[in-house]
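A.B. asks: If you scroll down you'll find the structure; I have some questions about it.
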Amino acid sequence: MRVFNCDHCGHLVFFDSVQCLHCGSALAFLPDVLTIAALAPAPQDGADLWRRRGGRGGSDYSGRLYRMCRNHTEHQACNFAVPANDYAELCVSCRQTRVLPDLSEPANMGRWMQIEAAKRRLFYSLARLGLEPAPGRTGPVFEFLAEVPGGPPVLTGHHSGTITLNVAEADDDERARRRIALGEPYRTLIGHLRHESGHFYWDQLVRDGGRLEDFRQMFGDERQDYAAALEAHYAKGNDLGDWADHHVSAYATAHPWEDWAETWAHYLHMIDLLETSASYATEVTIPGIYGAQRSSAIDPFASPAPDFQSMVQHLVPLTLLLNSLTRSLGQPDAYPFALAGEVLAKLRFVHDVVREAARRPAPVAAPAPQPAPVPKQNVKKNSKTTSKDVR
């Protein structure tokens, strides 16, 4: 995630900031222009309206009008603003959440807030890639559910445009338990959401985008029995063979759909790392016996856009630095991946599909309005149903 500057005083601020610590301005993320902005109350223009301040004397001073997302005013759980001409109470990210856990349960409130924060980061990345918001295209909807005693298990998964997440994944201890039980070196909230968004965009960009044959040549035939494939995968335990030569993760070996979703998630990891690196103008020097190798930051959203190979060439030294820093702090590798040639080819395929989709004109039909989220329990969603947690 890139860093930002307060557009009133220029001080460094961040994607989730709600107030500038230098000038005291209220801050909000403006999804219509994909930036953090300083806002000032504008009661003269209407109740609960805010006006973009910008720099004093600048073009943005006394600018557009916004309202704060209802989840901000009621729960301090969102920092996205809503344009004044959009009469929805929730921002474009929060309104995608259709089902919530019981928020009267204090633990669920904290879990929900963490998950929404991760979902806003996903929204930003997809929007920067030109995938969301996309006029005329239907975006994913989300259901965040908590298990209740005596009720059925809640499986994290995707089904027909709906992404379901078990809110227990927001608990560090529970997430660590599942990471160890499933033999995963990496398991995070943003990783879950990126993975499940991969299933959503497979439907849109591969199945409905005329790329099925290309996909099958690269990832395999998705028509094989999905439930049986997952059962066979989990039956192997940690004895999964030499998967790293062909897949980005062990879980990617389970089925072509999961290979795609894991690769898609990794592509979003890569884009986010590169944008953050470029935001800080990072330069990495890798020492070597034949001389130092230097790498300068590459912004994946620069114009003209960098090619895939250039992005990978900077990603490698960047991840070496990142892992060295976390090891210095006694932490495990922040980037526990090694990208073999076949994995890079799959990442390039995702890259090409994303770039093609961003250039493609959107359909004319407007998306159906989404209902406001309502508490709901004991719902299990998974398009690729199995008795295991399929992420």
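The values are calculated or read from the model by the stated rules, or taken from the named source; none is laboratory data. None of these values were measured; they are calculated from a predicted model. Neighbour counts are summed over all protein chains in view; Cβ atoms, including those assigned to glycine, are modelled from backbone coordinates with ideal geometry. The area values use the complete protein model at the heavy-atom level, side chains included, leaving out ligands, DNA and RNA. Shrake-Rupley method; radii C 1.70, N 1.55, O 1.52, S 1.80 Å.
A.B. asks: Here is a list: Thr285, Thr276. Which entry is of a type in the set (Val, Ile, Thr) and either part of a helix (DSSP H, G or I) or within 22 Å of the chain's Cα centre (by Cα) (or both)?
C.D. replies: Checking each option against the conditions leaves just Thr276.
A.B. asks: How many residues are on the phi > 0 side of the Ramachandran plot and without any contact (Cβ under 8 Å) to a residue 60 or more places away in the chain when one looks only at segment 150-194?
C.D. replies: Summing the residues that are on the phi > 0 side of the Ramachandran plot and without any contact (Cβ under 8 Å) to a residue 60 or more places away in the chain in segment 150-194 gives 2.
A.B. asks: For segment 303-323, enumerate the residues that are within 21 Å of Leu344 (Cβ to Cβ) and assigned to a loop (DSSP other than H, G, I, E, B).
C.D. replies: Passing the criteria: Ala305, Pro306, Asp307.
A.B. asks: Among the residues of segment 61-72, how many are surrounded by fewer than 23 Cβ atoms within 10 Å (Cβ to Cβ) and assigned to a helix (DSSP H, G or I)?
C.D. replies: The number of residues fulfilling the criteria is 2.
A.B. asks: Do we find that Ala265 is free of Cβ contacts under 8 Å to residues at least 24 places away in the same chain and surrounded by 16 or more Cβ atoms within 10 Å (Cβ to Cβ) in this structure?
C.D. replies: no
A.B. asks: Could you list, ordered by first residue, the pairs with Cβ atoms under 9 Å in which the first is in segment 199-214 and closer than 13 Å to Glu356 by Cβ and of a type in the set (Gly, Ala, Ser) and the second is at pLDDT 95 or above and assigned to a helix (DSSP H, G or I), at least 6 apart or interchain?
C.D. replies: Gly209/Val353
A.B. asks: For segment 3-20, enumerate the residues that are over 15 Å from Ala117 (Cα atoms) and outside any strand (DSSP E or B).
C.D. replies: Val3, Cys6, Asp7, His8, Cys9, Gly10, His11, Cys20
A.B. asks: Of all residues in segment 73-107, count the ones that are buried (at least 19 other Cβ atoms within 10 Å of the Cβ) and of a type in the set (Phe, Trp, Tyr).
C.D. replies: 1
A.B. asks: Return yes or no: is Gln217 of a type in the set (S, T, N, Q) and open to solvent by 60 Å² or more (accessible area, probe 1.4 Å)?
C.D. replies: Criteria met by Gln217.
A.B. asks: Another one. Report, ordered by the first and then the second residue, all pairs with beta carbons closer than 6 Å, sequence separation of six or more or different chains, a first member in segment 282-298 that is more than 11 Å from Leu321 (Cα to Cα), and a second member that is open to solvent by 80 Å² or more (accessible area, probe 1.4 Å).
C.D. replies: Ser296/Glu283
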